[in-house]
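The values are calculated or read from the model by the stated rules, or taken from the named source; none is laboratory data. Everything numeric in this text was worked out from a predicted model, so none of it was measured. Because the Cβ atoms are built from the backbone with ideal geometry, glycine has one as well, and the counts that use them run over all protein chains shown.
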Amino acid sequence: MLMKKRNKILVIVGPTATGKTDLALRLASLAQGELVSADSRQVYKDLDIGTGKISNLKSQISNVKKGKGFWEVKGVQIWMYDVVDTKIQYTVADYVEKAEKIVKEVNSRGRLPIIVGGTGLYIKALVEGLPNLMVPVDFRKRKKLEKFSLVSLQEKLKKISLQKWQSLNTSDKQNPRRLIRAIELVTSDVSVKFQAPKFDVLKIGLTASREILYKRADDRVISRVEQGMIQEAEDLHKRGLSLKRMRELGLEYGVLADYLEGKIETEDEFMKKLQYKIHDYIRRQLTYFKKEKDINWFDVMDKNLSRNVEKLVSKWYHVAYATKKS
């Protein structure tokens with residue numbers, strides 16, 4: 001059994017389809033850990049198949065027990081699942097507020113919090129802190145800006161702060177919601193004094209060649225369709241989830257909204273479009289995580305992957321504790 005130390009966090013990151021959740025569950029059983037999902041869509045209730053909550057668990061799904069804000073798999077809790085209704089906009093700040101409490105509670109029980117996910121911003125905000133989270137939403141200003149076209153928002157941000165505009169990635173520049181938030185940040189008169197949370201962090205990164213990642217993602221799309229992803233979206237829409245809101249939920253659900261609306265005519269066309277979108281998402285994830293200098297990377301095709309990761313985690317979790325005791 002590994003020795004325990006408080007204020008430690010294990011983080012498992014990487015692009016989609018690398019098996020992060022399965023590895024995290026294995027490590028949790030070895031290190032008396034609990035998982036904390038860092039996924040911008042898995043926080044929503046009823047988005048199970050499309051977000052990969054189910055397919056990520058593979059054969060363990062029959063052992064899932066659902067609680068309030070968590071799932072339990074073979075005695076291991078996965079927190080930050082099913083915490084908010086799909087009709088409610090859940091922000092990074094909302095995520096950090098709740099996830100940080102969970103991390104502290106897990107640590108206080110003498111267990112290891114394992115952050116796992118592919119939403120890099122959520123992970124960074126939770127582990128390192130983001131001053132931008134302290135700038136509140138200006139609802140009056142936002143209501144006015146929401147009437148602007150995409151081009152008008154782009155031009156407004158360029159005029160206000162060309163530096164901020166240039167710092168955005170291609171996706172953000174095409175996203176009205178993120179452009180509005182950027183305008184809020186650069187025009188806010190709030191004085192930000194923010195102390196990042198202090199954790200002893202070990203980051204594990206899972207990766208592979210793009211060809212392998214694309215193939216895994218393609219297979220996952222097929223699997224999710226077979227599991228009932230389209231039916232899941234149809235049921236959500238019948239229960240009142242608008243196609244507009246479905247598109248706001250992003251990626252899988254944006255393509256699902258197009259399919260339900262008839263913009264995509266066949267299931268085969270739907271799968272091909274979603275696979276293409278996920279390939280693009282994988283590229284953006286790889287670009288984002290490669291900027292992080294403190295990640296210990298492992299190739300998922302390495303037959304010794306689990307053993308090598310376990311050795312690193314064991315050394316980190318044990319040595320720090322032993323050093324403190326000496």
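Structure summary
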| item | result |
| --- | --- |
| Any pair with Cβ under 6 angstrom, 6 or more apart, that starts in segment 71-91 at a residue that is of a type in the set (D, E) and ends at one that is in a strand (DSSP E or B) and exposed (fewer than 15 other Cβ atoms within 10 Å of the Cβ) | E72/K65 |
| Selection status of V103, among the hydrophobic types (A, V, I, L, M, F, W, C), assigned by TED's automatic domain parsing to the domain that holds V313 and modelled with pLDDT under 90 | no |
| Selection within segment 61-100 - under 22 Å from K244 (Cα atoms) and among the polar types (S, T, N, Q) | T86, Q89, T91 |
| Residue, nearest to the chain's Cα centre (by Cα), within segment 29-38, restricted to residues that are farther than 9 Å from Q77 by Cα and touching a residue at least 60 places away in the same chain (Cβ under 8 Å) | A38 |
| Residues satisfying the stated conditions in segment 155-169, i.e. closer than 25 Å to Y288 by Cα and either more than 26 Å from the chain's Cα centre (by Cα) or touching a residue at least 60 places away in the same chain (Cβ under 8 Å) (or both) | L157, K158, S161, L162, Q163, N169 |
| Answer from E252, E248 - the residue that is under 21 Å from T170 (Cβ atoms), surrounded by fewer than 17 Cβ atoms within 10 Å (Cβ to Cβ), in contact (Cβ under 8 Å) with a residue 24 or more places away in the chain and touching a Lys or Arg at 6+ places or on another chain (Cβ under 9 Å) | E248 |
| Residue check for G14: under 15 Å from the mean Cα position of the chain (by Cα) and more than 25 Å from Y317 (Cβ to Cβ) | no |
| Residue within segment 111-126 that is out of contact with any helix residue (DSSP H, G or I) (no Cβ under 6 Å at 6 or more places or on another chain), part of a loop (DSSP other than H, G, I, E, B), at pLDDT below 90 and basic (K, R) present | no |
